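Everything below concerns the one structure shown next.
The values are calculated or read from the model by the stated rules, or taken from the named source; none is laboratory data. These numbers come from a predicted model, not from an experiment. Virtual Cβ from ideal backbone geometry, glycine too; neighbours counted across all protein chains shown.
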Amino acid sequence: MSLFRNIVLAAVIAGLVSGFVLTVLQSYATTPLIVHAEAFEGESEEAGHSHSHAHDEGTPAHDHGEDGWMPADGAERFVYTAGSNMLAGIGFALILLTAAEALGTLNGWRSGLMFGLAGFLAFSLAPGLGLPPELPGMPAADLTARQVWWVSTALLTAIGLGLLTYARTPAFAVLAVVLLVAPHLWGAPLPVSHDTAVPFDLHARFMAAVFATSLIFWALLGAIAGALQTRLRSGEETYSNGATEPVR
Amino acid sequence: MTTKTAASALGASTTKIIPLSMTALLGLFVVGFVGFSHMEVVHNAAHDSRHSLAFPCH
C-alpha cells in the first residue's frame, strides 16, 4: 500500500502548490479577460446561438447558473477558483504519477518535469488545438460532444507520446503519430456559427494566456510531484538496483 | 541481463497493478469532478478554473 500512499501524498502536495501558483497567475492573466467577456455574454445570448438548447420565452437559461448559486466576485471567486485549481492539480498529479510509476522511469524532479510537459501536451495543447480555450459568451457545439472529444484527444495524445518515447520501434512510432494526429483529422465538434459579441483580440489574448499559464502549471506540477515521489520512494526502498542516485 | 531486468520489471509491475489502478481511478474521478461535472453548483464554483484550464465549459 505504500505506493498508493506515496502517490497520493506527493500528488496532494504537488497539486496544492501548483494549483495555488496557477490561481495567482490566472488572477492576472486570464480571470480579468473572463470577467471582461462576461459583459458580452448577455449580448451573445440575445443573438440566440450561443447554446445548444433553445428555451421558450419565459424559460430561464439554466445552463449558465445565473439563477443558481455562484461565488461572489472578488475574494470568494478567487477562493473557489483556487480550490478548483488545486483539486484539478491533485487529480492531474495522480494521473501523472500513476503513468510515471507504471512506466517505472520516474527519478527526481527532472524526469517529473518531462512528465509534466507531456501532461501539458496531452491535456492542454492537443485538446486546445481543436477546442481553443473559450471565453464565456462564445458559441460552442454540444457540451457532451466536446467533452467526449476532449477526453479522447487527451487519452490518444498521452498514449501516442508514451509509445513515441518508450516503444522504440518504427512500427510503434508510426502508430504513435497516427494516434497523435487522428483526433485532429476526425475533427472537434464545432458550433454552427462562430458569431460572437466577444472581441477577437480579447479571445486571442485569452488563448495565449491560457496556454502560457497552463505550461507553467504543468511544469511545476510535474517537477514537484516527481521530486516528492522519488524522495518518498527512496526513503523506504531498501532493495534497489544499486543505481538509484541520491535525489536532491 | 536483459531477461533479468525484464523479469524484475514484470515482477514489480504485478505488485503495482492494484495501487496504480486505484491512484488512476482516483485521479480520473477528481479531474472529472472538477472539469466535467454537469452539476450546476460544481460548474459555477469551478467556472474560472474550467475556462482557464481549457476544459469544455457551458
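How about region A:179-224: which of its residues are polar (S, T, N, Q) and either modelled with pLDDT of 95 or more or assigned to a helix (DSSP H, G or I) (or both)? Residues satisfying the conditions are A:Thr213, A:Ser214. When A:Ser111, A:Ser84, A:Ser124 are checked against the criterion of being in a helix (DSSP H, G or I), polar (S, T, N, Q) and more than 9 Å from chain B (Cβ to nearest Cβ), A:Ser111 stands alone in meeting it. Restricting attention to region A:152-173, the residues that are of a type in the set (S, T, N, Q) and within 18 Å of B:Ala24 (Cβ to Cβ) total 2.
How many of the residues in region A:3-21 are more than 8 Å from every other protein chain (Cβ to nearest Cβ) and either crowded, with 24+ Cβ neighbours inside 10 Å or closer than 17 Å to B:Ala24 by Cβ (or both)?
Residues of region A:3-21 that are more than 8 Å from every other protein chain (Cβ to nearest Cβ), as a first pass: A:5-6, A:9-10, A:12-21.
Filter once more, keeping what is either crowded, with 24+ Cβ neighbours inside 10 Å or closer than 17 Å to B:Ala24 by Cβ (or both): A:5-6, A:9-10, A:12, A:14-15, A:18-19.
Of the residues in region A:3-21, 9 are more than 8 Å from every other protein chain (Cβ to nearest Cβ) and either crowded, with 24+ Cβ neighbours inside 10 Å or closer than 17 Å to B:Ala24 by Cβ (or both).
Residue check: is A:Gly91 crowded, with 21+ Cβ neighbours inside 10 Å, more than 10 Å from chain B (Cβ to nearest Cβ), out of contact with any Cys (no Cβ under 8 Å at 6 or more places or on another chain) and in contact (Cβ under 8 Å) with a residue 12 or more places away in the chain? Can you show your working first?
Working: crowded, with 21+ Cβ neighbours inside 10 Å: yes; more than 10 Å from chain B (Cβ to nearest Cβ): no; out of contact with any Cys (no Cβ under 8 Å at 6 or more places or on another chain): yes; in contact (Cβ under 8 Å) with a residue 12 or more places away in the chain: yes.
No: the conditions fail for A:Gly91.
When we screen B:Phe36, B:Phe29 for residues that are under 25 Å from A:Leu121 (Cα atoms), of a type outside the set (Val, Ile, Thr) and more than 7 Å from every other protein chain (Cβ to nearest Cβ), the only hit is B:Phe29.
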